[in-house]
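J.: Pasting a structure here, questions to come.
The values are calculated or read from the model by the stated rules, or taken from the named source; none is laboratory data. As the structure is a prediction and not an experimental result, all values here were calculated from the model. Heads up, the Cβs are rebuilt from the backbone with ideal geometry, glycines too, and the neighbour counts pull from every protein chain shown. Side chains included, ligands, DNA and RNA excluded: accessible areas come from the protein's heavy atoms. Shrake-Rupley method; radii C 1.70, N 1.55, O 1.52, S 1.80 Å.
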Amino acid sequence: MWISVQQVHQPMETLNFLTEAQAKQAASTIGTPCYIYSRATIEQRAAEVLAFPNAYGFNARYALKANPNIAILKLIENAGLHFDASSEYEVMRCLHAGIPAEKIQLTGQQFPRKFLKQIIEAGVLYNACSLNQLEQFGQAFPGSNVSFRINPGTGSGSNRKTNVGGESASFGIWHEYTDKVQEIADKYDLKITRIHSHIGSGSDPEVWKGVTEMTLAQADKFPLVHTVNLGGGFKVARMSSEKSTDLQEVGEFVKNVFTSHAEKTGNEYKLEIEPGTYLSANCGSLIAEVDDVVDTGDKGYDFLKLNTGMDTITRPALYGSEHPIVVLNDSDKTKDYVICGHCCESGDVFTVDDSDTILPRTVKEAQIGDLVVIEGAGAYCAAMSLKNYNSFPTTPQLLLDNDGSFKTILGEETLDAMFSKEIIPDFA
Ligand SMILES: *Cc1c(COP(=O)(O)O)cnc(C)c1O
């Protein structure tokens, strides 16, 4: 299935927040594979987000789809952030975690079917992502305040699967249809008080500047709008060759657009952003073990097979995302390996690029049983995993607390729990 092999010698990656001793301790506490999240890193990231430059007020929402464990939500709430939920079920998860409804906004591809009344009456903010959603919301709650998500007509993101703006993305209301937004609002006496765009803008301040200008121009069409939400998409470096967004730099660009816009129009908007990746990506590590070492002869490859895979961390198979992989042993030799997962699936390979070409990775020469840490595994990893594929149990999660202790925040999944909802009917 692979067309070519690109031989790139990247520098060896190193551990992120864990020490080697802590990784070993975690592995002996709960076994492998296990996820570990760092409380200190989460708190540090939250503080960086809250320091985002702004002109007329600011609020940050954590896009909880990146990592929705309720312990993580609590830490992020305690740090002072609000939340953006991608479905009514994520809203229910926040409420279950004890987060006040007023701190939660729902921005979903699917209109709530089950808990609509409950969540809106509790005070959750609604962000309509299509004309149909706005219409349905108006019918159910005429006279309410509401936000809408706009597709400003431009996208970003590194490939089609991560691009959430422009003609090829279904997210939000196309920017040419704002007249229809006004029509629906008038019909149901809805008050458009907030406007939202999320195109996954990345780390380039110029892109953020452009999106900010476009979104502010749209906001001006709705006299009751007081808050402009620019979404998330702040890229972070996982691999040492990548570059993280400088929030201060991007924020200064955004702030300047808000200020000069206000000077021209008199409209002073409050700013909201809603990062997911930025808050959580480098707060998590996945600890696994080398389960097997095989090779395919002189012209082939050396493979490391881990005791984890796409059922636990799916981004490499789905996007060709690269994560740092660190082998823990005392060897002073290195070797190039194709590193793969434990699922019976040729796509379960960690060392590929975004065109699905295998990229052997230089790591320490490894033996069966060595611990391996996959870094940058805090966002869209546990959250987006293909849980239970091959009937591997869901990977447990630990929190590394600020005093150095480990706390279990997702226990091991028992076989009973995995099988309990499946039923063999009476075939007689
Ligand atoms: C996913 C999502 C985000 C967060 O995106 P990141 O790239 O993780 O920062 C923010 N807003 C909305 C509406 C989203 O769907």
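J.: What are the residue pairs meeting all of these: first residue in the stretch 17-42, first residue closer than 13 Å to ILE72 by Cβ, second residue among the charged types (D, E, K, R) and open to solvent by 10 Å² or more (accessible area, probe 1.4 Å), Cβ atoms under 7 Å, and 6 or more apart or on different chains?
T.: Every condition considered, the pairs that remain are ARG39/ASP401.
J.: Residues of the stretch 383-415 being more than 11 Å from ASP311 (Cβ to Cβ) and in contact with a strand residue (DSSP E or B) (Cβ under 7 Å, 6 or more places away or on another chain), which ones?
T.: Once the filter is applied, which keeps residues that are more than 11 Å from ASP311 (Cβ to Cβ) and in contact with a strand residue (DSSP E or B) (Cβ under 7 Å, 6 or more places away or on another chain), the stretch 383-415 yields PRO396, GLN397, LEU398, LEU399, LEU400, ASP401, PHE406, LYS407, THR408, ILE409, LEU410.
J.: Hey, another quick one. Among the residues of the stretch 199-246, which ones are of a type in the set (A, V, I, L, M) and open to solvent by 10 Å² or more (accessible area, probe 1.4 Å)?
T.: VAL207, MET214, ALA217, LEU224, VAL225, ALA237
J.: Taking the stretch 64-75 only, how many residues are open to solvent by 10 Å² or more (accessible area, probe 1.4 Å) and closer than 19 Å to ALA128 by Cα?
T.: Matching residues across the stretch 64-75 total 1.
J.: Here is a check on your reading of the model: is GLY165 within 20 Å of the chain's Cα centre (by Cα), assigned by TED's automatic domain parsing to the domain that holds THR227 and assigned to a loop (DSSP other than H, G, I, E, B)?
T.: Taking the combined requirement at face value, the residue satisfies it.
J.: Pick out, from the stretch 76-157, the helices (runs of 4 or more DSSP H) lying fully within it that include 1 or more residues that are surrounded by 18 or more Cβ atoms within 10 Å (Cβ to Cβ) and in contact with a Ser or Thr (Cβ under 7 Å, 6 or more places away or on another chain).
T.: In the stretch 76-157, there are no helices (runs of 4 or more DSSP H) which contain 1 or more residues that are surrounded by 18 or more Cβ atoms within 10 Å (Cβ to Cβ) and in contact with a Ser or Thr (Cβ under 7 Å, 6 or more places away or on another chain).
J.: So which residues in the stretch 275-307 are within 16 Å of the ligand (Cβ to nearest atom) and open to solvent by 10 Å² or more (accessible area, probe 1.4 Å), if there are any at all?
T.: THR277, TYR278, ASN282
J.: Taking the condition of being closer than 16 Å to GLY31 by Cβ, surrounded by fewer than 12 Cβ atoms within 10 Å (Cβ to Cβ) and among the β-branched types (Val, Ile, Thr), how many residues in the stretch 400-427 meet it?
T.: Residues flagged as closer than 16 Å to GLY31 by Cβ, surrounded by fewer than 12 Cβ atoms within 10 Å (Cβ to Cβ) and among the β-branched types (Val, Ile, Thr) within the stretch 400-427 amount to 1.
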